[in-house]
1. Using the Karplus equation 6.51 cos²θ - 1.76 cosθ + 1.60 (θ = phi - 60°), what ³J(HN,Hα) coupling, rounded to whole Hz, does each residue of the range 317-330 give in order, writing x for Gly and Pro?
2. Can you sort 123, 33, 348, 22 so the residue with the fewest Cβ neighbours within 10 Å comes first?
3. Say we join alpha carbon atoms closer than 10 Å with springs in a Gaussian network model of the chain; which of 149, 343, 309 then has the biggest fluctuation?
4. I want to verify a result. In a Gaussian network model of the chain, Cα cutoff 10 Å, which of these has the top mean-square fluctuation: 232, 282, 340?
5. In deg cm²/dmol and to the nearest 500, what is the mean residue ellipticity at 222 nm of the chain if only DSSP H runs of at least 4 residues count, each as -39500 (n - 2.57), divided by the residue total?
6. Which lysines, if any, have their Cα less than 21 Å from the Cα of residue 324, not counting same-chain residues under 8 positions apart?
7. Tell me which residues come under 5 Å, amide H to amide H, from residue 10 once H is placed; ignore anything under 5 positions away on its chain.
8. Classify the range 229-317 as rounded, prolate or oblate, taking a ≥ b ≥ c as the square roots of the eigenvalues of its Cα gyration tensor: rounded when a/c is under 1.5, otherwise prolate if a/b is larger than b/c and oblate if not.
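Taken together, the values in this text are just the output of simple stated rules run on the coordinates, not laboratory data. All values reported here derive from a predicted model rather than from experimental measurement. Methodologically, a virtual Cβ is constructed for each residue, glycine included, from the backbone with ideal geometry; neighbour enumeration extends over all protein chains shown.
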Amino acid sequence: MQTTQSTEPFRVISGDGSVGNHQVALTDEQLVHCYRTMLTVRAFDDVCMKLQRSGRIGFSVPNKGVEACQVGAASALRQTDFFFPSYRDFGMALYHGVQPVEMMHNMFGNAKDSALGRQMPVHFSFVEPIKFFSISSPIGTHLPQAVGAARAFQMRGEDHVALVSFGDGGTSSLGFHSALNFAGVWKAPVIFLCQNNGWAISCPAEEQTASDGFAIKGQAYGVPGIKVDGNDVLAMHQAVSEAAERARRGEGPTLIEAVTYRMGGHSTSDDPSKYVPKEILDQWAEKDPVQRFQSFLKQKGLWSESLEADLTREATEGISAAAKEAEATGAPGLETIFSDVYAELPAHLRAQGEAAFDLARRKGSADAGDGAFPL
Ligand SMILES: Cc1ncc(C[n+]2csc(CCOP(=O)(O)OP(=O)(O)O)c2C)c(N)n1
Ligand SMILES: [Mg+2]
């Protein structure tokens, strides 16, 4: 596997879907599940975009183009491993069995949201069926958290692995450097997954760093780096599997640079047509990860038109039903503003709470607003 900007990333599935002599490690059932998850990510994005544009939710983050990174990586890990995701990674949760409706509760910030509306939309956190840590808006803060968790596994003699996922922009954060340093020194069982999707909002990856790509940044910390085709589910699966095996053998962390492309906006607050060159977008559309994986499934004899129709219907109907259910679920109670932090509420918060409840009793609770979000 290669590390530098100037070399080609590790790839398994060619443009026509063939894999040559490569041994496919996933079962047929797992391969179809990868495809199902990618289609579900697209359906979730699509519905959320419509919900946001019609003012029913405040914000969303598109994943078009980066589905193979998330799904390939998740398919290489166990449900008992720990995920420290970025906001473009919910395919990892879907792959391991989190239900779309649980995600939709977060998008609406309702009473069934695991964060009770205290987080932004797309900032999911789940305890079951996987340990999917609360997504952090501040870029790079979750990398040291993942190393801390990995260090704890080591000290307790557990064989879990922590996977932390972040973007090309995330490599400029302080958290990236301190996390790689500690992980290298401790040989912590952590996988750093840098999804180089070409952009950090409107800053192109080539202006993000003067180094020869991102995988090479591990060298300074004694962490091996590899560069992988992030639009290739099987290459991602293999790279993350090998990194996880290394970590479980006690050989320490790996930095994986997954080369991919963000084919949509940064978020629903962004207009990428202002800065993404159309000809580059067209080139990446040719490498669409969902199409590539579909071509592979065809070559393997696993794809049919009826499978496509069934999976598409399952994804779109499932997400629409989830959105309806989440929209119909009430908002968290006003008292939840004050719960879950202190075992005993301090006097000043008690006084604030009483004032808020009194106001609500006299004036009624605030409604959900007009959907505008100040971001
Ligand atoms: C510490 C910090 N600085 C700036 C921001 C604003 N911001 C939000 S997303 C983002 C770009 C991140 O780009 P990248 O890490 O490449 O991830 P991508 O969005 O491409 O997946 C920035 C600068 C932030 N959230 N946190
Ligand atoms: Mg990026």
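1. 5, x, 6, 5, 5, 5, 5, 4, 5, 5, 5, 7, 7, x
2. On the way: 123 20, 33 17, 348 8, 22 14.
Ascending number of Cβ neighbours within 10 Å: 348, 22, 33, 123.
3. Sorting by GNM fluctuation, first place goes to 343.
4. The residue with the greatest mean-square fluctuation here is 340.
5. Values: 11 runs with 153 residues, N = 375.
Counting only the DSSP helices, I get -13000 deg cm²/dmol.
6. Cross-link targets: 50, 112.
7. 2, 227, 228, 229
8. Working: a/c = 2.05, a/b = 1.16, b/c = 1.78.
In terms of gyration-tensor shape, oblate.
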